[in-house]
1. Would you check which residues across region B:22-70 are among the small types (Gly, Ala, Ser) and without any contact (Cβ under 8 Å) to a residue 40 or more places away in the chain and list them?
2. Could you please give the count of residues in region A:302-321 that are in a helix (DSSP H, G or I) and either in contact with an Asp or Glu (Cβ under 8 Å, 6 or more places away or on another chain) or touching a residue at least 40 places away in the same chain (Cβ under 8 Å) (or both)?
3. When you scan region B:285-296, do you find a residue that is under 27 Å from B:Phe146 (Cα atoms), of a type in the set (Val, Ile, Thr), facing chain A (nearest Cβ under 8 Å) and surrounded by 24 or more Cβ atoms within 10 Å (Cβ to Cβ), even just one?
4. Of the numbered conditions (1) small (Gly, Ala, Ser); (2) at pLDDT 95 or above; (3) closer than 19 Å to C:Ile219 by Cβ, C:Ser338 satisfies every one except a single condition; which is it?
5. Suppose we filter region C:267-278 for residues that are within 17 Å of the chain's Cα centre (by Cα) and at the interface with another protein chain (Cβ under 10 Å from one of its Cβ atoms); how many remain?
6. For region B:150-157, check the following and say yes or no: at least one residue is under 30 Å from A:Phe128 (Cβ atoms) and surrounded by fewer than 22 Cβ atoms within 10 Å (Cβ to Cβ).
7. Can you find even one residue in region A:76-86 that is basic (Lys, Arg) and under 19 Å from A:Thr35 (Cα atoms)?
8. Out of the helices (runs of 4 or more DSSP H) lying entirely within region A:200-298, which hold 2 or more residues that are in the same structural domain as A:Pro319 (by TED's automatic domain parsing) and under 27 Å from C:Trp105 (Cβ atoms)?
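The values are calculated or read from the model by the stated rules, or taken from the named source; none is laboratory data. Model, not experiment: these values are computed from the prediction. Note: ideal-geometry Cβ built from the backbone for every residue, glycine included; neighbour counts use all protein chains shown.
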Amino acid sequence: MKFADTAAERNPLLRFTDLTLRGAGQVMFMNNPVTGLLILAAVVWGAVAEDLPQVAIGAVVGLLVGTLTAMALKVDRDTLRQGMYGFSPLLTGAAVPTFLDNDAWMWGYLVIGAATTTVVTLAVSNVFTTWGVPALTFPFVLTSWFLMLGAYQFHKIGISSLSTPALPQPAGATSFDMSFPELATSMLKGVSQVFLIGDWVSGLIILVALAINSRWAAILAAAAAVVATLLAIALGAHSTAIESGLFGFSAVLTAIALGCVFNVPNWRAMLYALLGTVVTVVIQAALDTALAPIGVPTFTAPFVFATWLFLLPKADLVPTPHHKPIADGVVSGREATS
Amino acid sequence: MKFADTAAERNPLLRFTDLTLRGAGQVMFMNNPVTGLLILAAVVWGAVAEDLPQVAIGAVVGLLVGTLTAMALKVDRDTLRQGMYGFSPLLTGAAVPTFLDNDAWMWGYLVIGAATTTVVTLAVSNVFTTWGVPALTFPFVLTSWFLMLGAYQFHKIGISSLSTPALPQPAGATSFDMSFPELATSMLKGVSQVFLIGDWVSGLIILVALAINSRWAAILAAAAAVVATLLAIALGAHSTAIESGLFGFSAVLTAIALGCVFNVPNWRAMLYALLGTVVTVVIQAALDTALAPIGVPTFTAPFVFATWLFLLPKADLVPTPHHKPIADGVVSGREATS
Amino acid sequence: MKFADTAAERNPLLRFTDLTLRGAGQVMFMNNPVTGLLILAAVVWGAVAEDLPQVAIGAVVGLLVGTLTAMALKVDRDTLRQGMYGFSPLLTGAAVPTFLDNDAWMWGYLVIGAATTTVVTLAVSNVFTTWGVPALTFPFVLTSWFLMLGAYQFHKIGISSLSTPALPQPAGATSFDMSFPELATSMLKGVSQVFLIGDWVSGLIILVALAINSRWAAILAAAAAVVATLLAIALGAHSTAIESGLFGFSAVLTAIALGCVFNVPNWRAMLYALLGTVVTVVIQAALDTALAPIGVPTFTAPFVFATWLFLLPKADLVPTPHHKPIADGVVSGREATS
């Protein structure tokens, strides 16, 4: 990226495009504009395939509004250039049109939500930097919870597809006979659901986008989608949720974070990431239960909570007896080992 | 206040009266005994007008018990004298008789609650001082949530006016035809609801009390009540909640905090406070939904959460390109720019 | 313990046994292997008496898995030897078979839960060390909430005895005529419920186990069980909960923590611990209400929240006017004054 970097340095529009695309990549920890561009392509593809183009438009609007808000708030330049203020607003921008009626009120709500996501990113980052741990996508989760819960009280903000609030009930038996292709598409949907899209082609494009920047990230994402889906099947989770990839997306993010972003990939880190992935599936189920009475989705909270719990121990995962200090860059330098 | 300050210095009873009245003023960030006295007058007026004199008595009892508990715990003298240990217990003392049956059990519950609020104030302050952000009224909110939720399990603690626990439902259409005077009284009730009182005269007295100490605080309070009420109407919130001022009180506090207490008032701070006020309205609606199944009110949590999220970024809101460091006094020196 | 300590130093198996038994003792802040052994005996007695031997087996499995996970993660040796990584997984191991069906799936779930509890212990400790306050049993509470809530979504993880999710209702009047022996057994069950066991003999054995290491701890535990039970009766709590000791266990832990572990026992500390105990009863009731719609128990959360709120103020509880600095050892040196 040597040439592009220099060109971006000189031209303000190129620089803005570069940091915005990196923002799209940073949803999956990839500080790479090409990865970001491919991810946006995957989102557009999936949104159109689902006949919800507003989700892709919302994602781009969220990405732009969030990034511009960060610039208006005079944030740290280096962090801005890494795309760190783009990824959470992008997700807020994708979530709002996924669950709320597509009208002018929704778009106003989305813009305010995306700007707020940037404020929340700064707030949560300042708190968690105390322990050398990043905000992850929690600013998206928190802001979107507020927006969805708020929608229940506002007649003008119509709810299109939130689950009806209900008391949780123990899962019934689900007969499960998936063919192998169905299973594989469920797993790929798990990857695309990171962006609230259930489309296996999008999932495939995202894996390619990851591989361009980090083979480890692509491998871990695919492995986590497989592990999470098979575990959910084994434990007898509801087939609709499994088929839509809803047990996969948080697990995918946890595996990338624990396996190759915040730890150096080695066999101890892999075991740790495996436990983290399993725990993410349990937390996914737990939050599905806990949020049922208030009718909002978990978003990526299972990933955030699991990853925080597994990063905060500052576990020494180096296989050799010789300790290497964990790099200070844990927070800002969200670069995956390639 | 030069003379009063010196007199208070010499006479222990005067000193105690002074710091107690400042405690009443600090509910709205006003470190001023005259403002505090007027606020208490507004509370008495409103409580009598609503035929709930126990709310005013409870507020005073809470203020006294909370302040005495702080003294028994040998807290920092300067902070005590600024009234920082009075405002949250005052609110707990107003909340308990608002929602629970007026009998001897309730008064015992109130006294324990007010003393606990002071302990919680010390706890929350110690945590949030890590990030240079104050506890705000969260000690009141947390303690009162415990007291209200607890009341459901205790037959002797009778519930008089908590909402029946229910699963949330999307808001229906509400025909809305308010005359201008009705609209204006709703807004003034928004100001008085800071003290759990829905009375427009009280709201007016409080605005005067604010103006005595800080014109900016009075202007921001009035502006926030207008903005929050109009926004709630525009978004189609339930008319009963709007008419009672329930969308106003947290917004009022957020606007004062972000507009003139923790930031120097200028056009960038005003824009920031405006976004914070809008977000407070959304969080108010969100918490109304989230708390519906457990039958407790939001109290001032929307103000606390919004203000924390907007203070934690330590946003540089100085309009000129030259940076001024944010004063260290952010936490203890809760003095509004007058 | 001089001889045992030296022997444990030399023999790895003895050392492991020693630190594991201390882990059992640390549930009640007792860094003493004999106390730990007696506590395990009490758990076995109670589990067999309740015809739920799997609860005792689960506790031991949890203790072992949690301790081994800590060793695999190369935790600090001194902290490990004090049993600080055993007590929370022990409780997770007791909780899982108490509420979930006893089959192979449950045991797998338990092992993953116990290992996760150790990771969460490291995470929570790292966060709370910022304010010189320990994680207490929160890692057990949080992990077990995830496990129980998750069970609702997994058909293979059968629920045996969680309360059916329901909206809270105000408590009705309960006629209460307990004989003195019934009252005394309820109080002793309050002690044993720390380990999710409702058996008065177990409670008695645990009091003896405490007295071996710290007379203050035994006295405070007994006193808190009495105070909490009488307060719950006075406030009109539901008789079934009182008879099962469900208002006692968190109060017992709060009283030990505030009365003799983190404060030097004196009359001011006793008053403070008394207020903390009363508040624990209120928080117990509050969380019973708050968790009703999602069908999970409070576990020891009332103890954790009350104790955090009462430790964080760093209150100066020395009766003389001369201040003594609070020892640094507050976090790691969880030794009760004997």
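1. Scanning region B:22-70 gives a single hit, B:Ala56.
2. 8
3. Checking region B:285-296: at least one residue is under 27 Å from B:Phe146 (Cα atoms), of a type in the set (Val, Ile, Thr), facing chain A (nearest Cβ under 8 Å) and surrounded by 24 or more Cβ atoms within 10 Å (Cβ to Cβ).
4. (2)
5. So the answer is 1.
6. no
7. Scanning region A:76-86, I find at least one residue that is basic (Lys, Arg) and under 19 Å from A:Thr35 (Cα atoms), so the answer is yes.
8. By residue number, A:215-234, A:239-243, A:249-256, A:267-291.
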